[in-house]
Amino acid sequence: MDQEIAKPTFKKILVIDDNPTDRYIAKRMAEKYLFAEEIILQESALEALEYIRSLENVPHLLPQIIFLDINMPGMNGYEFLDEYTKLAEVIRANCIILMITTSIHPDDLKRAQNNPSVFRFLNKPLDKEKFRLIEQEFSFTK
């Protein structure tokens, strides 16, 4: 029997979400569906920015995909995006940001769609269908 060993689609992803349950679900689903070799979890947007900045000189270690929650205390997802646009081009060129939320408010969708740093807006929870959609859309980044 010729069995092929499945490999994760992406090398590294970053999940930025203040909700521990949502972080847990994102991590478990990413592991279950072989979405990423490494899954970094950050509960604060500010800590996530510091983490990303720390990798500026080693861009191959940057997360290829960033799942960014909108509603978080301290610094929300939109405030993160404002700071993200100020980061070095090498960072912005190597990361794909996907906004994730439980919000069904049309203004959130419109605001995310109008932000050039955001590639897609997804409703939580992350699941197999959403991962497959991302894999199809961003397979060039493998």
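Some points to look at:
- The number of residues in segment 61-77 that are farther than 22 Å from Pro8 by Cα, in a loop (DSSP other than H, G, I, E, B) and not hydrophobic (A, V, I, L, M, F, W, C) comes to 4.
- Number of the condition not met by Ala26 [criteria: (1) modelled with pLDDT of 95 or more; (2) more than 24 Å from Leu133 (Cα to Cα)]: (2)
- Only one of Arg28, Arg111 that is under 15 Å from Lys12 (Cα atoms), out of contact with any Pro (no Cβ under 9 Å at 6 or more places or on another chain), basic (Lys, Arg) and free of Cβ contacts under 8 Å to residues at least 40 places away in the same chain: Arg28
- Count of segment 21-33 residues which are farther than 21 Å from Met72 by Cβ and either not acidic (Asp, Glu) or not in a helix (DSSP H, G or I) (or both): 2
- Scanning segment 34-55 for residues that are in a loop (DSSP other than H, G, I, E, B) and surrounded by fewer than 15 Cβ atoms within 10 Å (Cβ to Cβ) gives Leu34, Ser54.
- Look at segment 41-56: where a residue is under 10 Å from Phe80 (Cβ atoms) and a partner is part of a helix (DSSP H, G or I) and charged (D, E, K, R), sitting 6+ places away or on another chain with Cβ atoms under 6 Å, you get Leu49/Glu83.
The values are calculated or read from the model by the stated rules, or taken from the named source; none is laboratory data. This structure is a prediction, so every number in the text was calculated from the model and none was measured. Note: ideal-geometry Cβ built from the backbone for every residue, glycine included; neighbour counts use all protein chains shown.
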